[in-house]
Amino acid sequence: MLRYIGWRFVRMVSVVFAVTLFSFFLLNLLPGSPINTILGPGAGDAAARRLVTLQYGLNHPIWDRYLIWLGHALQGNLGESYVSSQNVASAIFEHLPLTIELMIIAEVISLGIAVPTAMFCSLKPGGWFDKMVSRSTLALLALPAFVLGPFMIFIFAVKFHIFPASGETTWFTLGGGYSPAIVATPQSLLMPSLVLAAGQLALFARVLRGDLITTLKSDFILMARSKGFSRWYILRHHALRPSSFTLVSLVGLSVGGLLAGALIVENIFALPGIGTLFIASILKRDYLMVQGLVVLVASGFVTVNFLTDAFYTVLDPRIRRARLIG
Amino acid sequence: MPDSSADTTTTPSRRRLRRELDPSVTSRAEEGMRAALADAAEARLAADEVLADPGLTAAHRDALSLPAAPMESQFTRLKLGPAFWIAISWMGLVIFAAIFCNLLPLPNPNMPNVGPPLQAPTLAHLFGTDQIGDDLFSQVVTGARATMIIGVSSVIVGVGIGGLMGVIAGFYRGIVDVIVVWITDVLLTLPGLILALTLVAFLGPSLQNVIIAIDVLSIPAYARIARATSLAISQRDWVTTALSLGAKPRRILFRDVLPLVALPIASFTAIGASVAILAQGALAYLGIGPPNLLSWGSMIAAGQQELQQAPQATFAPMIVFFITVMALNYIGQRASGALDPRAGLL
């Protein structure tokens, strides 16, 4: 097991290394001087050019520059945006809590709906409820955030005025510190989380339903039936746990999908998270900010995946050999 | 963990299967083929038993997964249903619109005031008009082109590069495999949409760069499927037999393994295209991409500004987008379900 986790760790580190290389060279090897890229619209200013040349050591060879940049990045110094003269790392950490909050709420919603739904479906596979759920999850999978979002805005904000159309509230800088938005203004976060949860929900429900139906065919379920337990009791106490392995690993893997979803959802509802920062930076040609975000998001994503994998290996001994082969 | 591929030596069921297929075998090649068919059929029986084990997880299934049996036994029992053909016809319609949108007798999609602004759908303007009097129907028809360019190119690049990489990695294993797995790992490090956004942001917002970005992110999925399948196939007895008879590995790869890997890959193309189209829609919705290109994503974003006055400007591209992605997903689901009943889960 340690060998497997160690192997995963080596792979994780090498992948993160590749990502830093990728994002560094994206900025430095594109046509034109990196000075133009870094400075963006303000590239004409001679003083700024000199400052950038010195600050980024552009008079040094590229490999030295990469190592220097990597050293700075490891110390949490991702540079300073020339567009907004903001420190990149602090700008990111300012926007991060909202995105994480959004993702957690969406995950809770999707699991809270998907698990009971899948259980009801597996009570009578092929029944009317199962068929209805199967069709609606297929439809949900074809509804990306940027289709579902505007649709829900139309229904709940334009037609019925239940929720605000965007999350432009004042909570974000309340008292200088961060206060969870779901406490301050729950209604501004509920619709975005629902949109974000939709895709995950469909996926979770389908996978758990399939696994539950497989489990319910096994002998120990027949045994429990013959003891006289009710179907629902068996489902909850005997079948759910052995059927949930795929779901657990899927929840870990869903972080990436949620992050990409959050990026769109934040832009639809104008929520000040990582996603809006990312798109705004791209549109403002704030390349240092984009670079910092890519490095940070990739490292975080890879770390979460690694932890899920390691945790999962500890949980389920049967997985070890299978994954070593695969 | 029980091993599904091992122990396919003479068991009664195998002998029975062989007798059933045809006792009068003539040439050696034919005999080999029939043996392979019997092997595959029996491996499927064994695999069904193994896969019925409740403790199996996705990783197990992946490790154990067998490719679909040879074509002969497959195509005889394809049942796709009418909804599948409706989905196919819809995709035909979209492709037709994408190819011929310039030749169709429609008002210029980029010209304002072809009709009264903010008009609900009428016979002259099937989807109505938006705030400045653009004809929404002709915009939606023209938007099909961007969508299909992305969908088709992602399939070509995904199969051509990703699929080939995966087949070779799974067949030769060793260092090639390690490298291919590492490349897909790196490509999967970033969530797909963020990778595409980054590439377009740095390369510049032209259609060509959007295509490159989305094609790059479609490679790993094809590579993984092809690798898993080709890994499973190349561990079969008949590959070993062919090798010991003196067949060159390359010949086995292209003549025997490749056709079998082609099936799961082909059934994935619909899903792959739908993922690519979703990514393109997201990019266009976020305004990252060529600013003057008419596409469904950018139409939704533009229409959202006038959701109150002209909901049809958002709903027309939205519904068409939804139906297209749903059709592709359904085609993919039915196709993979028909080719391999066990994989029909998603």
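So here's what we get for this one:
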| quantity | calculated |
| --- | --- |
| Sites A:Arg241 and A:Val108, calculated FRET efficiency, Cβ-Cβ separation with R0 22 Å, nearest 0.05 | 0.65 |
| More than 22 Å apart - percent of Cα-Cα pairs taken over the range A:88-283 | 54 percent |
| Pairwise centroid distance, computed over Cα atoms, of the range B:119-183 with the range A:93-126, Å | 29 Å |
| FRET efficiency, 1/(1 + (r/R0)^6) with R0 22 Å, evaluated for B:Leu103 and B:Gln208 via beta carbons | 0.35 |
| For the range A:131-143, 3J(HN,Hα) per residue [Karplus equation, 6.51 cos²θ - 1.76 cosθ + 1.60, θ = phi - 60°, Hz, x = Gly/Pro] | 4, 4, 5, 4, 5, 6, 5, 4, 5, 4, 5, 8, 10 |
| Label-point separation in nm, B:Ile179 to A:Arg225, each point 7 Å along Cα→Cβ | 5.4 nm |
| Cα-only radius of gyration and Dmax that characterise the range B:80-344, units Å | 21.7, 76 |
| Nearby lysines by direct alpha-carbon distance to A:Lys227 (threshold 23 angstrom, same-chain neighbours under 8 apart not counted) | A:Lys124, A:Lys217 |
| Sequence ranges A:214-225, B:149-160, A:197-208, ranked by mean other-Cβ count within 10 angstrom, highest first | A:197-208, B:149-160, A:214-225 |
| Kirkwood-based shape ratio for the range B:260-340, expressed as Rg/Rh from alpha carbons | 1.13 |
| FRET E, pair A:Ser90, A:Leu138, Förster distance 51 Å, beta-carbon r, rounded to 0.05 | 0.70 |
| Rg over Rh [alpha-carbon atoms, Kirkwood Rh] for the range A:80-119 | 1.38 |
| Charge context of A:Thr117, other residues only, Cβ under 12 angstrom, K/R +1, D/E -1 | +1 |
| Dipole-positive endmost among B:Phe268, B:Gly128, B:Gly166 within the range B:80-344 (Cβ charges, Cα centre) | B:Gly166 |
| Estimated inter-spin distance, B:Phe96 and A:Phe311, nm [label 7 Å along Cα→Cβ] | 5.1 nm |
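Every number here is computed from the coordinates shown, using simple stated rules; none is lab data. Please read these numbers as outputs of a predicted model, since none were measured by experiment. Don't worry about glycine lacking a Cβ; one is built from the backbone with ideal geometry, like all the others, and counts go over all protein chains shown.
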